[in-house]
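Here the structure is laid out as structure tokens; the discussion comes afterwards.
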Amino acid sequence: MKKYNRGITTGVFDLFHVGHLNLLERCKEHCDYLIVAVCDDDYVKNIKHKEPVFSLEERVRIISALKCVDETVVVSYEEVDDKMLLLEKHNFDVLFSGDDWKGSERYKKTEEQFAKVGAAIEYLPYTQGVSTTQIKESLKK
Ligand code: CTP
């Protein structure tokens, strides 16, 4: 029996790599039903100030094909920024995130909001040594 029923995690998942896979497989170890919320292109452009290499449709297709993923949804900046909107829409028990976000202002606020409504946040180990940014940098060399 897993600790949670419905779990969700959010991310851009551009240039899908093994750090992404590790995170999603770990999420699925903790919940029966895993929803992956893929950030739309506007989020990537406005928040990360980058142009995604893979389009939203491609990123969604790749995530949806994974064995560990039960459902893929697209999320806007507003829903990533305010996780209560995400909770209202998808009614999950737990939000998973890489532990690189632990202690950030955004997540401290979300922890307080979730505590009031009984939703959980679990931070899972970030895979060191790989990221979309690093892949782009090494291709430039
Ligand atoms: N993640 C992870 N380990 C990595 C890279 C990402 O656990 N090596 C997790 C992040 O913590 C996040 C999710 O994967 O919960 C999606 O991350 P995303 O920002 O899409 O990927 P990055 O490779 O970190 O992208 P960038 O370099 O553009 O920031």
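The values are calculated or read from the model by the stated rules, or taken from the named source; none is laboratory data. A quick note: this is a predicted structure, and the numbers were derived from the prediction, not measured. Here the Cβ positions follow ideal geometry from the backbone for every residue, glycine too, while neighbour counts run over all protein chains shown.
Go through (1) of a type outside the set (A, V, I, L, M); (2) surrounded by 15 or more Cβ atoms within 10 Å (Cβ to Cβ); (3) more than 15 Å from the ligand (Cβ to nearest atom) and name the single condition residue 32 misses.
For residue 32, the exception is condition (2).
Name the residue that is nearest to residue 120 (Cα to Cα), counting only residues in segment 61-100 that are loosely packed, with under 15 Cβ neighbours inside 10 Å, of a type in the set (D, E, K, R) and more than 14 Å from the chain's Cα centre (by Cα).
88
Tell me whether segment 5-15 contains one or more residues that are farther than 23 Å from residue 85 by Cβ, surrounded by fewer than 15 Cβ atoms within 10 Å (Cβ to Cβ) and modelled with pLDDT of 95 or more.
No.
Look at segment 12-30 and say how many of its residues are without any contact (Cβ under 8 Å) to a residue 40 or more places away in the chain and under 20 Å from residue 135 (Cα atoms).
Count: 1.
Here is a check on your reading of the model: is residue 86 closer than 17 Å to residue 20 by Cβ, in contact with a Leu (Cβ under 9 Å, 6 or more places away or on another chain) and in contact (Cβ under 8 Å) with a residue 60 or more places away in the chain?
In short, no.
Could you give every pair whose Cβ atoms fall below 8 Å, whose first residue belongs to segment 33-56 and is farther than 25 Å from residue 7 by Cβ and touching a residue at least 12 places away in the same chain (Cβ under 8 Å), and whose second residue is charged (D, E, K, R) and more than 10 Å from the ligand (Cβ to nearest atom), counting only separations of at least 6 or pairs across chains?
55/41
Restricting segment 91-141 to residues that are more than 16 Å from the ligand (Cβ to nearest atom) and touching a residue at least 40 places away in the same chain (Cβ under 8 Å), which is farthest from residue 7 (Cα to Cα)?
Only one residue fits best here, namely 91.
Please go through segment 35-46 and give me each residue that is over 11 Å from residue 69 (Cα atoms) and more than 10 Å from the ligand (Cβ to nearest atom), ordered by number.
Result: 40, 41, 42, 43, 45, 46.
Can you tell me which of (1) at positive phi; (2) assigned to a helix (DSSP H, G or I) is the one residue 13 doesn't meet?
Exception for residue 13: condition (2).
Starting from residues that are among the aromatic types (Phe, Trp, Tyr) and part of a helix (DSSP H, G or I), keep the ones in segment 101-124 and report whichever is farthest from the chain's Cα centre (by Cα).
Among those that are among the aromatic types (Phe, Trp, Tyr) and part of a helix (DSSP H, G or I), it is 114.
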